Amino acid sequence: MSAPQINGQRLLASLQALGRIGALPGGGVNRLALTDADAQGRDWTVARMRELGMHVEVDAIGNIIGTFPGTEDLPPVMMGSHIDTVRTGGLYDGNYGVLAGLEVVATLREAGLKTRRPLAVAVFTNEEGARFQPDMMGSLVYVGGLPLQDALATCDVDGASVQAELERIGYRGTAAVGAPVVDSYVELHIEQGPVLEQMDLQIGVVEGVQGISWTEFTVEGQSNHAGTTPMALRHDAALVAAQVAVFVRDLSKRMGGRQLATVGAVRLSPNLVNVIAQKAVFTVDLRNTDSAALVQAESDLHAYAQQAAQAEGVRISSRALARFEPVAFDPKVVNLVEQHAQALGCSHQRMPSGAGHDAQMLARVCPSAMIFVPSVGGLSHNVREHTEPADLLRGAQVLLQVVLALANRPS
Ligand code: HGY
Ligand code: MN
Ligand code: MN
């Protein structure tokens, strides 16, 4: 079966249309998981699936799975990603993988082509982990990596639970989770980093995802008057948060390699100009492609945090928000991505993913891989996130051809 061409204008228009839901005034998108904006984005995507004649199911953690029948009742070849965003998100992170999957279905349907295996497009709940942790929550529950009840009981900083929010937006489905039957999974995504652009390459053949470690620290000191409390008598929670932020930057420099470290969220209380902070709650995101190095970084972090707290005379506690080992994708599917990128004349190279993705969870239950396209300026999780239309179309065409090969292979 020679591959039909995806309809680039339709794909770009769908990205703009979904991007108008939760649009921020100055550009970018805010569709935090399970908010009203996420619900509207879900409704829009379900309506699009139904327009394409897809069977739509919502499972117990709110994952939306659209299925386009094949000529044989076999496990589906799945595409997809997420449509929830961070608070300052862009048009493409996650949305591109879902909408390109729907574009593949639309193109095959228009051409009157049916694949041997059914095609599925998944919208996984709360991939970002920005409101509810861990990230990739929906796909982790989907593959049986996180008990459904634990996920449903997870609360955001305001005490709203995943269960209550799923029910409030009408997406607490009934389809079972935990033991999916999926033939294979291919996720198309923007790189979200600078590599492809710096090397002037069109396609990333993604071989795996680096390890991720998220920790939340709570430091409790003593609030006091900023003007009357001698420095030697302070028990300043904000100081320890700042010291840890500097430490993890130095740690990543000292470790070198691919060690990454980020203090992304800091909440001080009472958070007032003339009051020494009584409490600091902050997060540390550590990542590395090397499992042992990541363990070492975690150990160094916790040792330092304890020592800094002791020196300042404050209490410190911590809890893990997410912890995923590095994941290697299926070599056969990775090879397919490389072959089709090559066949389409795309410049390409093999690379790891710096960001976490639903594909790393699907890899637990079926052969999975990813396709990257360049991010302008390497920007993502930023309202200025952008990928050139030609790159968006190229990636979708590679996705179509890889999925055709998987869905029509004899065994
Ligand atoms: O944090 C991540 O890597 C992903 O964006 N959830
Ligand atoms: Mn993403
Ligand atoms: Mn993201």
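The values are calculated or read from the model by the stated rules, or taken from the named source; none is laboratory data. Not measured: the values here are computed from a predicted model. Here the Cβ is made from the backbone with ideal geometry for all residues, glycine too, and neighbour counts use every protein chain on show. The protein model used for the area step is the full one, side chains on, heavy atoms only, and it has no ligands, DNA or RNA in it. Shrake-Rupley method; radii C 1.70, N 1.55, O 1.52, S 1.80 Å.
Here are a few things to note about the model shown:
- When each of Met79, Met49 is tested for being surrounded by 21 or more Cβ atoms within 10 Å (Cβ to Cβ) and in a strand (DSSP E or B), the lone residue that passes is Met79.
- Checking each residue in region 178-194 for being within 12 Å of Ala120 (Cα to Cα) and among the acidic types (Asp, Glu) picks out Asp183, Glu187.
- Qualifying residues in region 299-326 (those that are open to solvent by 30 Å² or more (accessible area, probe 1.4 Å) and assigned to a strand (DSSP E or B)) - the one farthest from Ala355 (Cα to Cα): Arg315
- Candidates Leu286, Leu379 - the one that is under 30 Å from Glu220 (Cβ atoms), within 16 Å of ligand 1 (Cβ to nearest atom), open to solvent by less than 60 Å² (accessible area, probe 1.4 Å) and modelled with pLDDT of 95 or more: Leu286
- Which numbered condition Gly66 fails, given (1) touching a strand residue (DSSP E or B) at 6+ places or on another chain (Cβ under 7 Å); (2) surrounded by 23 or more Cβ atoms within 10 Å (Cβ to Cβ); (3) under 25 Å from Thr387 (Cα atoms): (3)
- Selection within region 327-337: residues that are of a type outside the set (Phe, Trp, Tyr) and crowded, with 20+ Cβ neighbours inside 10 Å. The member of this set that is nearest to ligand 2 (Cβ to nearest atom) is Val327.
- Criterion applied to Gly257, Gly193, Gly264 was being open to solvent by 50 Å² or more (accessible area, probe 1.4 Å), in contact with a helix residue (DSSP H, G or I) (Cβ under 8 Å, 6 or more places away or on another chain) and assigned to a loop (DSSP other than H, G, I, E, B), and the one residue passing it is Gly257.
- Selection over region 12-24 of residues that are out of contact with any Lys or Arg (no Cβ under 6 Å at 6 or more places or on another chain), within 11 Å of Asn95 (Cβ to Cβ) and either surrounded by 13 or more Cβ atoms within 10 Å (Cβ to Cβ) or of a type outside the set (A, V, I, L, M) (or both) gives a count of 6.
- Any chance Val365 is open to solvent by less than 10 Å² (accessible area, probe 1.4 Å) and either more than 15 Å from ligand 1 (Cβ to nearest atom) or not charged (D, E, K, R) (or both): no
- Hits in region 98-134 - residues which are of a type in the set (Asp, Glu) and either under 20 Å from Val56 (Cα atoms) or away from ligand 3 (no atom under 14 Å from the Cβ) (or both): Glu103, Glu110, Glu127
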